[in-house]
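Just so you know, all these numbers are worked out from the coordinates, no wet-lab data involved. What you are looking at is a predicted structure, and each value in this text was computed from that prediction instead of being measured. Positions of Cβ are generated from backbone atoms using ideal geometry, with glycine treated the same way; all protein chains shown enter the neighbour counts.
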Amino acid sequence: MDEPIESRPSGRTVVLAGATSAAGRAVARALHGAGARVIATGRSVEGLQPLADVGAEVFLADATSLDEMTVLAAQVGHVDAVIPLVGGWRGGGGLAGQSDDDFAALLPALEAVRATSRAFDATLRASGAGRFAIVSSTAVARPLAGGANYAAVKAASEAWTRAVAQGYAKSARDAGEPLRAASVVFRAKALDPEVLAARVLTLWDTDAADLNDRVFDLD
């Protein structure tokens with residue numbers, strides 16, 4: 001039986017990992033308002049409070065840690081979507097300005113993509129309509145010398161997310177079942193939290209077979 005298409009997030013459980021940014025708050029608010037159960041993680045109690053204020057269930061957990069995300073997956077149980085939101089930008093100064101310190105500071109974004117996708121892999125494949133989505137940048141398509149560190153980390157994150165998509169497709173194919181999980185990339189030049197939030201609400205508008213391994217421009 002094909003995946004039932006239900007365009008509303010109502011009743012779904014969505015994990016926002018590393019969600020203490022403005023984008024995380026906007027997405028949490030939109031999902032909660034649409035009737036979803038929102039699980040939000042962060043590394044500080046203070047950072048999590050605004051997420052609790054908009055209706056999210058908050059967990060003190062590091063989105064870059066496979067161990068902590070695995071524990072969270074076991075605690076939460078059924079999950080319909082996971083969106084890692086660890087981000088940040090450093091750049092400038094041409095290639096000479098691409099310092100090792102800046103690169104190390106950007107790496108948590110990739111680490112969060114890896115940790116969350118691995119920890120929730122079985123859970124998302126077991127959902128009737130699992131979704132994994134990351135936020136990337138248009139810099140991947142047109143990298144500049146002054147943002148080489150940033151573009152490289154985003155490109156790696158996209159490659160990992162596409163590998164997740166292939167894994168979903170292979171799992172369904174091997175089981176002789178329709179594809180029900182999808183892994184997608186959202187790209188933005190300058191991220192507008194409200195635009196991202198609105199787009200997240202539409203993740204279930206499209207059948208997984210048509211959504212999986214897609215890149216969407218938010219600008």
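If you take all other residues with their beta carbon under 13 Å from the beta carbon of residue 103, and give Lys and Arg +1 and Asp and Glu -1, the sum is -2. Toward the positive end of the charge dipole of segment 120-219, with +1 on the Cβ of Lys and Arg and -1 on the Cβ of Asp and Glu, the farthest Cα among 149, 176, 202 is that of 149.
Each Lys and Arg adds +1 at its Cβ and each Asp and Glu adds -1 at its Cβ; summed about the Cα centre, segment 67-219 shows a dipole of about 280 debye. Classify segment 111-219 from the C-alpha gyration tensor, please: rounded if a/c falls under 1.5, else prolate or oblate depending on whether a/b exceeds b/c. It comes out prolate by the Cα gyration axes. Here the Karplus curve 6.51 cos²θ - 1.76 cosθ + 1.60, taken at θ = phi - 60°, turns the phi angles of segment 95-104 into couplings of 4, 5, x, 7, 6, 5, 5, 5, 4, 4 Hz, with x standing for Gly and Pro.
As a rough footprinting exposure proxy, the listed residues 103, 59, 132, 120 were ranked by other beta carbons within 10 Å of their own, and the order from fewest upward is 103, 59, 120, 132. In percent, rounded to a whole number, the relative contact order of the chain is 24, using alpha-carbon pairs under 8 Å and six or more apart.
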